[in-house]
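What follows is one structure encoded as structure tokens, with my remarks underneath.
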Amino acid sequence: MESHMLLTWTLMCLLLRPVATQNPAPEGVLNCCEGDVLFLVDSSGSVSSYEHSRMLHFLSELLLPFSLGEDQVRVGLLQVGTQPRIEFGFDTFGTQRGLQEALKNIKPLRGDTNTVEALRMAKESVLRPGTASGARVGLPRVLVWMTDGVKPGDVVGPMASLQEEGVAVLVVSTGHGNYQVLRQVVSPPVENHLYFVDIDDMSIITEDLRDAIIEIIRAERINVRDVSTNSATLQWRPVLSGLQGYYEIRFGPVATGGTGSSGGSGTGTSPSTGGSHYQRFVQAADSSNARLTGLKPDTTYTATLTPESNEQAFNTLSVTFTTQPEVLSPSTVTISESGETSVRVSWGPLQPEVASYYIEYSALPSGKLHAITVARTQNSTLLRDLQPDTTYLVTVTARHASGKEKAMSVKVCTQEVTPALEDLQLTTVGSNSVQVDWKGSVPGLRGYWVTWEGQHSSDPGHRSSFYLPPDSLSTRLTHVPPSARVCVSPIYKTSRGEGLCCTAQFHSDAFAYGYQS
């Protein structure tokens with residue numbers, strides 16, 4: 001009877017035990033961090049099914065607030081048993097839904113506590129940077145060992161090896177044995193990285209352990225991008241997302257002796273910003289970038305970012321950068337595509353501070369001045385309607401938004417006119433026909449215009465003309481009157497060029513000759 005009553009009382013206690021529920025995600029954690037965290041969970045025979053389930057429930061609450069993914073926090077889990085097993089690697093879950101579901105379905109391994117083999121697997125397969133599904137290069141790595149403290153094995157050496165490679169080791173023990181071993185394997189400070197807690201009271205260390213992990217993987221970085229001669233953009237991870245607060249930004253020239261670069265990132269306390277010569281403004285808690293303007297060219301600046309919130313303390317971040325030197329475009333002017341009546345003028349480099357470009361040109365020594373204006377995005381223009389075989393002075397002026405101007409001049413010569421045809425020859429054939437031959441081959445020529453006109457008093461004004469394609473270099477004219485004047489002219493795209501002319505002479509002995517005039 002007493003045995004039956006004891007069983008009933010035990011069941012009632014179990015039924016009356018408060019059911020642990022997942023607390024809502026603490027504000028401010030979601031975008032705080034970037035790193036890889038591996039949990040080494042003891043599920044050997046010394047750990048009961050109940051204790052195993054409590055450990056997994058603890059992990060569920062511990063990890064719930066974190067944002068998961070490639071640019072956030074990644075989580076892996078490796079169970080310890082006779083044959084340790086990787087339940088999931090860092091690249092398995094990118095959402096909390098998948099992670100939480102997986103934690104509910106993990107079964108214990110049982111068997112021996114083969115922690116040494118588990119650490120070997122962790123080092124070679126999971127925590128090694130750059131390997132397939134392994135840790136990311138250059139980001140913090142954390143190993144959280146959850147054990148009952150029973151027969152941990154010879155773990156001091158393997159744990160020390162991991163720490164030498166930059167892995168931070170934290171330990172949660174649900175037992176009270178092997179304190180000296182566990183104390184020896186954790187990363188300093190021991191008081192923040194070693195926890196002894198009863199299996200039913202694990203929730204009391206949730207916040208402290210989470211804060212310890214956050215302290216290691218907190219992504220407190222500020223970067224500079226889009227640096228120009230008078231502006232730059234600050235970019236940071238929005239650590240205040242979900243919190244009440246703001247970002248205070250200060251920037252100013254570095255005190256004498258400061259150095260910097262055209263862009264970079266930094267952490268920690270701000271160096272000197274040149275005493276009182278700094279500017280200050282604030283940004284909303286949900287912002288992640290700000291544009292700094294009014295900077296001086298070729299000057300080293302320090303910018304600091306201080307997240308301010310009554311709900312959580314944050315470090316002040318700083319970065320040093322140097323603005324671009326002031327190169328008033330153009331610094332180079334070049335000439336190309338030089339022809340008989342046109343040339344192309346190009347300049348550079350293009351700069352955002354330039355409002356427009358003003359191009360002037362005139363024939364030397366005292367030709368008429370011509371000018372055109374082109375947009376700030378244009379780095380060349382074609383000058384047309386120039387005189388052949390002529391030297392021009394071309395000046396390109398950059399008109400800056402600040403009102404400043406910079407000009408650069410070059411001389412350019414147009415090409416000589418290449419005769420479209422030459423060596424016109426007439427050969428009389430019989431009493432009224434003429435063979436016309438010429439030489440010519442000019443790129444872009446559209447053809448030839450052949451004309452003959454009677455000059456004899458008996459047939460004045462008799463005129464005939466026709467077109468020939470550009471590959472024609474001869475033709476025969478018939479019924480040509482005596483002393484007819486024959487002309488051949490080149491045809492260009494927009495006009496007819498100057499041609500050559502000859503007079504045909506007919507003699508009774510059919511002797512053929514011709515001359516140019």
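The values are calculated or read from the model by the stated rules, or taken from the named source; none is laboratory data. From a predicted model like this one, the values you see are computed outputs, not experimental measurements. Neighbour counts are summed over all protein chains in view; Cβ atoms, including those assigned to glycine, are modelled from backbone coordinates with ideal geometry. We work out accessible area using only protein heavy atoms, side chains counted, and drop any ligands, DNA or RNA first. Shrake-Rupley method; radii C 1.70, N 1.55, O 1.52, S 1.80 Å.
Before I look further, what does region 92-190 give for accessible area per residue, probe 1.4 Å, in whole square angstrom?
With the other protein chains kept in place, region 92-190 gives 47 Å² per residue.
To make sure I understand the rule: partners must be lysines, Cα under 25 Å from the Cα of K107, and not fewer than 8 residues away in the same chain. Which ones qualify?
K123, K151
For region 33-150, give the percent of accessible area contributed by carbon and sulfur heavy atoms, probe 1.4 Å, rounded to a whole number.
49 percent
Which net charge results for the neighbourhood of F196, defined as the other residues with beta-carbon distances under 13 angstrom from its beta-carbon, given Lys and Arg at +1 and Asp and Glu at -1?
Details: positive: R183; negative: D148, E191, D198, D201, D208.
So the surrounding residues net to -4.
Counting only protein heavy atoms and using a 1.4 Å probe, what share of the accessible area of region 268-426 belongs to carbon plus sulfur, as a whole percent?
Result for region 268-426: 46 percent of the exposed heavy-atom area is carbon or sulfur.
Sorting check: for 201-207, 364-370, which peptide has the highest mean count of neighbouring beta carbons within 10 Å, and how do the rest follow? If you can, show how the numbers build up before the last one.
Working: 201-207: 14.9, 364-370: 10.6.
Listed from highest to lowest mean packing, they are 201-207, 364-370.
Find how many whole Å separate the alpha carbon centroid of region 71-86 from the alpha carbon centroid of region 165-211.
When both Cα centres are located, 17 Å separates them.
Within the set K406/K493; K296/K406; K368/K406; K296/K368; K368/K404, which residue pairs have Cα atoms separated by over 29 Å?
Result: K406/K493; K296/K368 exceed 29 Å.
For F196, what accessible area in Å² do you get when you roll a 1.4 Å probe over the heavy atoms of the protein chains, rounding to the nearest 10?
70 Å²
Straight distance only, please: which lysines reach the Cα of K104 with their own Cα at less than 19 Å, same-chain residues fewer than 8 apart left out?
Cross-link targets: none qualify.
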